[in-house]
Amino acid sequence: MARLSKKKVTEILDLLKEEYPEAGCALEHVNVFELIVCVVLSAQTTDASVNKVSPALFAAYPDAAALAAASQEDVMEIIRAIGMYKTKSKNIIALAKALCEKHDGQVPEDYDALVALPGVGRKTANVVLAVGFGQQRIAVDTHVFRVSHRIGLASDATAGDAGKAKDAGEKNVLATEQELMKVLPDDRWTEAHHSLIWHGRKCCTARKPKCEACPIEKLCRKNGI
């Protein structure tokens, strides 16, 4: 598949921005500590589910020091409604302890330091840097992976099984991120990340994309563009 021209990439981004002007991080948070905990909790569950449990969690544990001192049983009880709550309760407590021990309780503004934290992978680190610190980043989640390959922003070479994005594998996800960094304007990486997520949730869904209502349908690879 030939790479899209800069003009067409810009047109896609402009149309998505027009369609989803409010696109942004759906995880409710008031600071970077809350953000990183919420992103860790959001793995393999919905942002809406995390938003239901996070107010009680942060009321009980408002900072890294408080969460680091928490019992896993108490945290489990608060976040029980979300998937993998046992593992996630362990991870966020370990994350809080690492923040206290290595970063004075603060979330570091550094990629390598972030991915060294318990429960923090590449996607989480990129979200924290983009949303929490205002850096231009592309975090490739299920929606970004699926939509970018489906519409043609990313190529077949990095697709794996784009129809099953969560099973695509780390190599394909990393390759897709690197490819998108080359294709997309570097001052619009974060915007593109949010727009692609919203488009994947609201229109270009996994099982039944709403092509007839798609704002970028004329530019989609299925039309040979």
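Numbers below:
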quantity: Most fluctuating residue given options V32, V127, V147, as computed from a GNM of the chain linking Cα atoms under 10 Å; calculated: V32
quantity: DSSP H segments from the chain that extend 18 Å or more along their own axis, Cα-based, with Kyte-Doolittle mean of 0.0 or above; calculated: 47-60
quantity: T142, T158 arranged by Cβ crowding within 10 Å, fewest neighbours leading; calculated: T142, T158
quantity: Net charge dipole size for the chain [Lys, Arg +1 and Asp, Glu -1 on Cβ; Debye, nearest 20]; calculated: 1060 debye
quantity: Among H194, H149, H103: highest mean-square fluctuation, GNM of the chain, C-alpha pairs under 10 Å; calculated: H103
quantity: Other-chain or far-sequence residues with amide H under 5 Å of A154's (modelled H); calculated: H149
quantity: Theoretical ellipticity at 222 nm over the chain - DSSP helices of four or more residues, -39500 (n - 2.57) apiece, nearest 500; calculated: -16000 deg cm²/dmol
quantity: Straight-distance crosslink candidates among lysines, where the alpha carbon sits under 17 Å from K210 and sequence neighbours closer than 8 are dropped; calculated: K202, K218, K222
quantity: Positive-pole candidate from P118, P108, A59, dipole of the chain, charges at beta carbon; calculated: P118
quantity: Length-normalised contact order of the chain in % [C-alpha pairs under 8 Å, at least 6 apart]; calculated: 23 percent
quantity: Net dipole in debye of the stretch 54-154 [+1 Lys, Arg Cβ; -1 Asp, Glu Cβ; about Cα centre; nearest 20]; calculated: 560 debye
quantity: Ranked T46, T176, T124, criterion: other C-beta atoms within 10 Å, fewest first; calculated: T46, T124, T176
quantity: With at most 11 neighbouring Cβ atoms within 10 Å, loop trypsin sites (Lys or Arg not before Pro) (DSSP) excluded, longest segment of the chain; calculated: 81-206
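Since every read-out is calculated from the coordinates, none of them should be taken as a lab result. In this text the structure is predicted, and so the values were computed from the model without any measurement. Using ideal geometry, Cβ is built from the backbone for each residue, glycine included, and neighbour counts are taken over all protein chains shown.
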